[in-house]
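Report on the structure given below.
The values are calculated or read from the model by the stated rules, or taken from the named source; none is laboratory data. Because the structure is predicted, anything quoted here is derived from the model rather than measured. A quick note on method: Cβ atoms are made from the backbone with ideal geometry, for glycine too, and the neighbour counts reach across all protein chains shown.
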Amino acid sequence: MVEDLILKAEAVRHACGGICCNGACPPLSEERIRIILSYGDFHERIEKVGYHRIKGGKDGLCSMLSEGKCAIHAFKPETCIAGPFTFDLTDHSLRIFLKQEKICPLIAVLKANRAMYDLQFGRAVESIAHLVARLLDDELAIISALPEPDTDQVAELPLPEKAL
């Protein structure tokens, strides 16, 4: 059953054409950079602009997207794993947001199937907490200041402990 849910979610993601990859510059921990670079020469697609991230492409799409497919899908960044959930931080909490249906076709599928929603929410929280625990506070401050329009808060959790 879980495999069927994952396949359905992947089919929706594939059919949407990577809307969430448009304008995306996912943040990267040093750990994730090492993982990505261990699979290929992606140095030119990673930059540091206040925090390490994947560069945007000339067309506005993530530079890892090629012909509608992610070049690093099997080891993609934590925020990509978390999608369509995203996050923000306060001094005391990790706030989890869900993109609105008008910008993500997967939302309708998640809302129609509680098991699928719960599965992806769990993956999102785990991935985001992993990332947050590995980024420096100044990087997190920059990331948290980025606008996340068309999202709704769905949870507020304790901040994860730092892994550094």
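Data table
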| item | result |
| --- | --- |
| Test: residue in region 55-71 that is surrounded by 15 or more Cβ atoms within 10 Å (Cβ to Cβ), basic (Lys, Arg) and touching a helix residue (DSSP H, G or I) at 6+ places or on another chain (Cβ under 7 Å) | yes |
| Output for region 146-164, where each listed residue is under 16 Å from His92 (Cα atoms) and either at pLDDT 90 or above or of a type in the set (Asp, Glu) (or both) | Gln153, Ala155, Glu156, Leu157, Pro158, Glu161 |
| Within region 131-163, tally of residues that are within 18 Å of Gly50 (Cα to Cα) and either surrounded by 15 or more Cβ atoms within 10 Å (Cβ to Cβ) or out of contact with any strand residue (DSSP E or B) (no Cβ under 6 Å at 6 or more places or on another chain) (or both) | 16 |
| Residue under evaluation Phe121, criteria (1) surrounded by 13 or more Cβ atoms within 10 Å (Cβ to Cβ); (2) in a loop (DSSP other than H, G, I, E, B); (3) without any contact (Cβ under 8 Å) to a residue 40 or more places away in the chain, criterion not met | (2) |
| Matching option when the condition is in contact with a helix residue (DSSP H, G or I) (Cβ under 8 Å, 6 or more places away or on another chain) and of a type outside the set (Ser, Thr, Tyr), among Leu146, Leu140 | Leu140 |
| Identity of the residue in region 124-164, among the acidic types (Asp, Glu) and assigned to a helix (DSSP H, G or I), that ends up nearest to the chain's Cα centre (by Cα) | Glu126 |
| Condition met for Glu31 (assigned to a helix (DSSP H, G or I), at pLDDT below 90 and of a type outside the set (A, V, I, L, M)) | no |
| Residues of region 64-107 classified as part of a strand (DSSP E or B) and at pLDDT below 90, total | 4 |
